[in-house]
1. Restricting attention to the range 93-150, report how many residues are part of a loop (DSSP other than H, G, I, E, B) and touching a Phe, Trp or Tyr at 6+ places or on another chain (Cβ under 8 Å).
2. Scan (1) at pLDDT below 90; (2) under 20 Å from residue 159 (Cα atoms); (3) acidic (Asp, Glu) for the single condition residue 89 breaks and write down its number.
3. Going through the range 102-146 one residue at a time, which ones are within 19 Å of residue 68 (Cβ to Cβ) and surrounded by 14 or more Cβ atoms within 10 Å (Cβ to Cβ)?
4. Among the residues of the range 1-17, write down those that are assigned to a loop (DSSP other than H, G, I, E, B) and either open to solvent by 80 Å² or more (accessible area, probe 1.4 Å) or touching a Pro at 6+ places or on another chain (Cβ under 6 Å) (or both).
5. Going by what's in this entry, would residue 99 be described as closer than 23 Å to residue 56 by Cα and not polar (S, T, N, Q)?
6. Got a number for residues in the range 21-49 being open to solvent by less than 60 Å² (accessible area, probe 1.4 Å) and either at pLDDT 90 or above or assigned to a loop (DSSP other than H, G, I, E, B) (or both)?
7. Do we find that residue 69 is part of a loop (DSSP other than H, G, I, E, B), out of contact with any Pro (no Cβ under 9 Å at 6 or more places or on another chain) and at pLDDT 85 or above in this structure?
8. Taking the condition open to solvent by 70 Å² or more (accessible area, probe 1.4 Å), modelled with pLDDT under 85, of a type in the set (Asp, Glu) and closer than 29 Å to residue 100 by Cβ, does residue 79 pass?
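The values are calculated or read from the model by the stated rules, or taken from the named source; none is laboratory data. The structure presented is a predicted model; accordingly, all values stated were derived computationally and were not measured. Don't worry about glycine lacking a Cβ; one is built from the backbone with ideal geometry, like all the others, and counts go over all protein chains shown. Calculation scope for accessible area: heavy atoms of the full protein, side chains included, ligands and nucleic acids excluded. Shrake-Rupley method; radii C 1.70, N 1.55, O 1.52, S 1.80 Å.
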Amino acid sequence: MRTDLRRWLKELQEELGITTILVTHDQEEALEVANRIVVINKGKIEQIGTPEDVFHNPKNEFVINFLGNVNLFHAREIEDGANLEDITDNKYLIRPHELEIVDINDSEAIIHAKVKYIQLAGSFVKVELTYLNDEKRVVLVELAHYEFSDKNIKKGDIVGIRTRKLRSFEDGAGI
């Protein structure tokens, strides 16, 4: 019902050519309905932009956390990215769909982990993993079904994880 309402509202806006303001804490709703998003934190504007720009190019840690799941890593920077198994003050925030599960021996693996839980979640598969050297540290990876099927991942498997990309915030924090 909510999806139908969002579609109807978007069509109505376009048909009537009117400007509307929708205040919501539902991130999916905001990303689907809006032409422009204003992310506000404690009365302060954190970022203004198109849904795509705000989601894919968050300006700071608050915005990336507010608009979806993220994995937080404290890592040591290395020449071609980061070693996410080393704990340091450098922060990296990486969305679950920006991580890839690879063979444990893959030279680009930034973490070695154990598959703890697999959830078929609609259009994608959520895989929860724990670090091999610290089972309290959890990493969430989201894969397309075809990718999950191709990799033949099972609970208990020991795997590597690599990033599809690393980015930086305007304030220098890594993501």
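1. Residues flagged as part of a loop (DSSP other than H, G, I, E, B) and touching a Phe, Trp or Tyr at 6+ places or on another chain (Cβ under 8 Å) within the range 93-150 amount to 1.
2. All conditions are met except number (2).
3. Of everything in the range 102-146, those that are within 19 Å of residue 68 (Cβ to Cβ) and surrounded by 14 or more Cβ atoms within 10 Å (Cβ to Cβ) turn out to be 124, 125, 126, 127, 128, 129, 138, 139, 140, 141, 142, 143.
4. Result: 1, single match.
5. yes
6. 9
7. no
8. yes
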